[in-house]
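Here the structure comes first, spelled out in structure tokens, and everything after it is commentary.
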Amino acid sequence: MSVLTQPPSMGDVLKYEANPNYTRETVTLLQGFPYPAGAVLGKITASGKYKLATSGGADGAQTASAVLLYAVDTTLADAIGIVVARGPAIVSRAALAYDATVDDAAKITTKLGQLASVGIIARDSV
């Protein structure tokens, strides 16, 4: 018998939010690849588009400011995504996805601190 696996969904990522009308935003995701649910995003200052928050750079996206709630494929073009952009909100730490440059515990801790500064708290949750 084959084993079926399901990618993370919004329910796996978002554990609590005070009011979806306040905490969520619709944003434009930068073209390039499929963004998974739970992607930790930063906003590019010049264009206002979002991409995976990096651990370096100077385009503004080095600061984590949102978490993507639903997977979005931007392989061929920019696309719209729904994010938690402000809190109070709690997300599952295990469901978060990071840019390849966020590759050690210190960098992850930095990104979690940046999210906390906008009221998005990452917790180990069930």
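The values are calculated or read from the model by the stated rules, or taken from the named source; none is laboratory data. Predicted, not measured: the structure shown is a model, and the values here were computed from it. Cβ placement follows ideal geometry from the backbone for every residue including glycine, while neighbour counts extend to all protein chains displayed.
Applying the criterion of being in contact with a strand residue (DSSP E or B) (Cβ under 8 Å, 6 or more places away or on another chain) and of a type in the set (Gly, Ala, Ser) to the residues of segment 10-46, the residue that is farthest from residue 117 (Cα to Cα) is 32.
Flag not set for residue 55, criterion: assigned to a strand (DSSP E or B) and either more than 17 Å from residue 33 (Cβ to Cβ) or of a type in the set (Lys, Arg) (or both). One residue stands out in segment 82-109 among those that are touching a strand residue (DSSP E or B) at 6+ places or on another chain (Cβ under 7 Å) and among the small types (Gly, Ala, Ser): the one that is modelled with the lowest pLDDT, namely 87.
Scanning segment 4-60 for residues that are small (Gly, Ala, Ser), closer than 18 Å to residue 97 by Cβ and crowded, with 17+ Cβ neighbours inside 10 Å turns up 37, 38, 39, 42, 53, 55. Of all residues in segment 1-51, count the ones that are within 14 Å of residue 92 (Cβ to Cβ) and touching an Asp or Glu at 6+ places or on another chain (Cβ under 9 Å). Here the count works out to 4.
Can you confirm whether segment 13-22 contains a residue that is hydroxyl-bearing (Ser, Thr, Tyr), assigned to a strand (DSSP E or B) and touching a residue at least 60 places away in the same chain (Cβ under 8 Å)?
Keep residues of segment 13-22 that are hydroxyl-bearing (Ser, Thr, Tyr), which gives 16, 22.
Okay, now just the ones that are also assigned to a strand (DSSP E or B), so 16.
From what is left, the residues that are touching a residue at least 60 places away in the same chain (Cβ under 8 Å) are 16.
Looking for residues that are hydroxyl-bearing (Ser, Thr, Tyr), assigned to a strand (DSSP E or B) and touching a residue at least 60 places away in the same chain (Cβ under 8 Å), one finds at least one in segment 13-22, hence yes.
Close contacts from segment 95-124, counting a first residue that is farther than 19 Å from residue 23 by Cβ and a second that is hydroxyl-bearing (Ser, Thr, Tyr) and outside any strand (DSSP E or B), with Cβ to Cβ under 7 Å and a gap of 6+ residues or different chains, come to 99/54; 101/54; 101/55; 102/55; 107/55; 108/98.
For the condition under 23 Å from residue 6 (Cβ atoms) and either surrounded by 18 or more Cβ atoms within 10 Å (Cβ to Cβ) or in contact with a Pro (Cβ under 6 Å, 6 or more places away or on another chain) (or both), what is the one hit in 97, 66, 79?
Details: 66 fails: under 23 Å from residue 6 (Cβ atoms); 79 fails: either surrounded by 18 or more Cβ atoms within 10 Å (Cβ to Cβ) or in contact with a Pro (Cβ under 6 Å, 6 or more places away or on another chain) (or both).
Residue meeting the stated conditions: 97.
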